[in-house]
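Worksheet: one structure, shown below.
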Amino acid sequence: MTDYQKVIDRIYHTVGPMWPQAKPADYIPALAQADPSSYGIAINTLGGDTFSVGDSHVPFSIQSISKVFTFAMVARHLGDRIWESVGREPSGNPFNSLVQLEYEHGRPRNPFINAGALVVTDRLIDLYPRPKEAILDFVRSLSGNPDIYFDTAIARSERATANRNMALAYLMKSFGNIHNDVETLIDVYCSQCAISMSCVDLARSFLFLANRGVNPLAPGGPERILTPSQAKRLGAVMLTCGFYDESGDFAFRVGLPGKSGVGGGIAAYMPGNLAIAVWCPGLNSYGNSLLGIETLERFTTDIGNSIF
């Protein structure tokens, strides 16, 4: 039986000294204030075990990892209809590209680039009268932590620098692919990205994907969030599109479906087994946590297991 605590302890002490090689995101001013030496790892298994090391209980802004949660919320209601509005192919362009969106008539390539996530959040607003509260309720249920909330300072900072996202939303609205008021949409989107969670929270919240769509931590007992087919398809899109323009390399090096955020977090999972989350704010040139990817590559290599 794998001693996960021993594995992540060894990785933590080996990889930790690498943090000076990367810096936090600075295009959202509040994110630039993160301590670049912060580093945590957490694992939660479907058997109920938790393993953690370092800053694994320190909350941080999950940013684009939130796109997994909002997509699951929408897909459970719309099913395959969601693919009429957003594609499922890697973009091959920056995550906030306007050029590709214009060329492809307002239909984003996938739900994890910013344009695609805005479409998903727009549909979420259609479905939920109080979208912000619905997102929090969903994430709290997945993680088993009722205290999860938005980091309001980061949400304000993000909203103040949201010009490109506003442009994406208005462009898609001109093609009829955004239904709601753009100001309202951007407000909800910036709030969802500013959700504050720890590595332990994130690893728990991804267990429903490791459990093929069933949340094992729901207050009333296990709850099906997605069908097995929907969970499989979401995992496939995470594997191919979850890491911006580094998705192919992440699949090559790590071999797990996952999602990153520019707050320095990465969450991934091994179907039928476990979920793992890593946080270190220093990013590489693709906008992914430098230590996070190195950690996950070493993890699957050390345990000799991945989805491949």
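The values are calculated or read from the model by the stated rules, or taken from the named source; none is laboratory data. None of the values given here were measured: they were computed from a predicted structure. Here Cβ is always computed from backbone atoms with ideal geometry, including for glycine, and neighbour counts include all displayed protein chains.
Summary of computed values
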| item | result |
| --- | --- |
| Tabulated pairs, the range 70-81, first closer than 13 Å to Phe138 by Cα, second β-branched (Val, Ile, Thr), C-beta under 7 angstrom, 6+ apart or interchain | Thr70/Val120; Thr70/Thr121; Thr70/Ile135; Phe71/Val120; Ala72/Ile225; Val74/Ile82; Val74/Val120; Arg76/Ile225 |
| Every residue from the range 207-237 that is surrounded by fewer than 16 Cβ atoms within 10 Å (Cβ to Cβ), in a loop (DSSP other than H, G, I, E, B) and either charged (D, E, K, R) or touching a strand residue (DSSP E or B) at 6+ places or on another chain (Cβ under 6 Å) (or both) | Pro222 |
| Test result for Val188, without any contact (Cβ under 8 Å) to a residue 24 or more places away in the chain, surrounded by 15 or more Cβ atoms within 10 Å (Cβ to Cβ) and out of contact with any strand residue (DSSP E or B) (no Cβ under 6 Å at 6 or more places or on another chain) | no |
| Filter result for the condition that a residue is closer than 21 Å to Ser141 by Cα and acidic (Asp, Glu), over Glu246, Glu223 | Glu223 |
| Members of the range 9-27 found to be surrounded by 15 or more Cβ atoms within 10 Å (Cβ to Cβ) and of a type in the set (Phe, Trp, Tyr), listed by number | Tyr12, Trp19 |
| Set Val15, Val58, Val68: member being in contact with a helix residue (DSSP H, G or I) (Cβ under 6 Å, 6 or more places away or on another chain) and either outside any loop (DSSP other than H, G, I, E, B) or modelled with pLDDT of 95 or more (or both) | Val15 |
| Residue pairs meeting the criteria (Cβ under 6 Å; at least 6 apart or on separate chains; first part of a helix (DSSP H, G or I), in the range 238-251; second aromatic (Phe, Trp, Tyr) and surrounded by fewer than 24 Cβ atoms within 10 Å (Cβ to Cβ)) | Tyr244/Phe95; Tyr244/Tyr286; Asp245/Tyr286; Glu246/Tyr286 |
| Residues of the range 31-78 satisfying the condition of being crowded, with 20+ Cβ neighbours inside 10 Å, small (Gly, Ala, Ser) and under 20 Å from the mean Cα position of the chain (by Cα) | Ala34, Gly40, Ala42, Ser52, Ser56, Ser61, Ser64, Ser66, Ala72, Ala75 |
